1. So residue 172 fits all but one of (1) open to solvent by 10 Å² or more (accessible area, probe 1.4 Å); (2) over 22 Å from residue 69 (Cα atoms); what number is the exception?
2. Of the residues 170, 186, only one is more than 21 Å from residue 368 (Cβ to Cβ), assigned to a strand (DSSP E or B) and modelled with pLDDT of 95 or more; which?
3. Evaluate the following for residue 305: is it open to solvent by less than 10 Å² (accessible area, probe 1.4 Å) and among the hydrophobic types (A, V, I, L, M, F, W, C)?
4. Could you check the range 349-367 and list, in sequence order, the residues that are touching a residue at least 60 places away in the same chain (Cβ under 8 Å) and either part of a loop (DSSP other than H, G, I, E, B) or not polar (S, T, N, Q) (or both)?
5. Please verify whether the range 371-385 includes one or more residues that are assigned to a loop (DSSP other than H, G, I, E, B), among the hydrophobic types (A, V, I, L, M, F, W, C) and in contact with a strand residue (DSSP E or B) (Cβ under 7 Å, 6 or more places away or on another chain).
6. Residues of the range 359-375 being under 16 Å from residue 114 (Cα atoms), open to solvent by less than 20 Å² (accessible area, probe 1.4 Å) and of a type outside the set (S, T, N, Q), which ones?
7. Going by the conditions given, is residue 346 touching a residue at least 12 places away in the same chain (Cβ under 8 Å), under 24 Å from residue 134 (Cα atoms) and not acidic (Asp, Glu)?
Amino acid sequence: MRPGAAAALARLRAVLGSLALSCGAIAAVAGAFEVVLRLIASGGDAGAHRFDIYRPSPTLTHELRPNWSGRFAWNDFDVHVNVNALGFRGPPVSPARAAGVRRILVVGDSFAFGWGVEDREAFPAVLEAELRGAGVRTEVIDAAVPGYSTDHHLIFLRERGFALAPDLILISICGNDTEELAWSTLRLGPDGLPIASLSKRRFINARGEMRFLNSGLFDLPPLPLPEAAGDWLYQHSHAFRWLRIRFARAWLTWVGRLAAAREAIPPGEVPTGPIASLAPAEIARALAGSPEFRLRYHRELLRAIEREAAARGIAVRYVLTEGAGEALRSDCAASRCLDQATLFTRASHPEDFLPVDGHWSAAGQERVGKTLARWLRDDGELGLGSQPMR
């Protein structure tokens, strides 16, 4: 062999050796990461089950499929979820309220839905059990849907919720509710409020799973893997699912910031007149480009819910989840609202959160449900005191 060829071969071997060592190191780190996530996971089962619980909605983008039942497993939970014939999580309920029974309707997003916990562990179910245990004949309907925000709550209540004739509507407000008002294309009524909310970032595929769009900016990069290999990893690897969801969230955050920068409007151009007096194009532009207007619109949505509920003799109360900004927390303090951050935080009670996913654990859901039961019973206007109903 010529000296030059021998030297080239030696360099190739060195490069291949370094590459093998690098691949081995990456594999070792990935393996260790997989082990750590499995140790953190409570269920110990790596298998993920596709959460095909949704169906498209012409006015709400998506809703729960009636009579759905299945297993929902992720990195740190493995639970069963049941949806009744009315499309609400939990046991069957009748459209008509039973005589002598107080009905509470809970609307909200994934926290109120009970993401990552069993049906009986979600705070609406805990609330019902606590009130019944105190002698109050109560039915609590969990009408929360993952991904919903304030615009969805108003539309749902107008379409279906008010017709259920609850005594109380309990609205779970999440810290990202105002931000998500920029994520939808709204069809507005004459009052300037939505009659339909179609997401720019979410869609429901043919399987009934929620998938994500990117506001038309960039497509989420496809995995450099055959589809079958990606499906296998999704089903069997904690690390793959952890990285996949965080990559998707980071991507959506990045394109969201690009969209916000592109659509931002100067403070002097934010419309200030009554919401009902604004043109739909003005509202759409302001929702896309002004955090201040989104907060104002969020407040207008809640006022509309309160007005329409009061006209029907229905009380409204709120629960605010952790992670809300100062404006939402100030609103909560000034209204009939329970602020979860005053009960526990991730720093004070880490056991109340799922360690990988970040939603409330069964312990956190229980704490919220029990506190809500005491709080509502102490509210003299609601008539949910300790004495049984006659």
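1. For residue 172, the failing item is (1).
2. Details: 170 fails: more than 21 Å from residue 368 (Cβ to Cβ).
So the residue among 170, 186 that is more than 21 Å from residue 368 (Cβ to Cβ), assigned to a strand (DSSP E or B) and modelled with pLDDT of 95 or more is 186.
3. On the way: open to solvent by less than 10 Å² (accessible area, probe 1.4 Å): yes; among the hydrophobic types (A, V, I, L, M, F, W, C): yes.
When the stated conditions are applied, residue 305 passes them.
4. Start the filter on the range 349-367 by keeping residues that are touching a residue at least 60 places away in the same chain (Cβ under 8 Å), which leaves 354-357, 359-362, 365-366.
Listed by number, the residues that qualify are 354, 355, 356, 357, 359, 360, 361, 362, 366.
5. As a first pass, look at the range 371-385 and keep what is assigned to a loop (DSSP other than H, G, I, E, B): 378-379, 383-385.
Add one more test, that the residue is among the hydrophobic types (A, V, I, L, M, F, W, C), and what stays is 384.
Then drop every residue that is not in contact with a strand residue (DSSP E or B) (Cβ under 7 Å, 6 or more places away or on another chain), which leaves 384.
Checked against the condition, which is being assigned to a loop (DSSP other than H, G, I, E, B), among the hydrophobic types (A, V, I, L, M, F, W, C) and in contact with a strand residue (DSSP E or B) (Cβ under 7 Å, 6 or more places away or on another chain), the range 371-385 yields at least one hit.
6. The answer is 360, 364, 368, 369, 372.
7. Values: touching a residue at least 12 places away in the same chain (Cβ under 8 Å): yes; under 24 Å from residue 134 (Cα atoms): no; not acidic (Asp, Glu): yes.
Here the answer is no, as residue 346 does not meet what is asked.
Residues checked against (1) within 19 Å of the chain's Cα centre (by Cα); (2) open to solvent by less than 10 Å² (accessible area, probe 1.4 Å):
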site	(1), (2)
127	no, yes
131	no, yes
144	yes, yes
147	yes, no
150	yes, yes
160	no, no
164	no, no
177	yes, yes
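The values are calculated or read from the model by the stated rules, or taken from the named source; none is laboratory data. None of the values given here were measured: they were computed from a predicted structure. Don't worry about glycine lacking a Cβ; one is built from the backbone with ideal geometry, like all the others, and counts go over all protein chains shown. Only protein heavy atoms, including side chains, enter the accessible area calculation; ligands, DNA and RNA are left aside. Shrake-Rupley method; radii C 1.70, N 1.55, O 1.52, S 1.80 Å.
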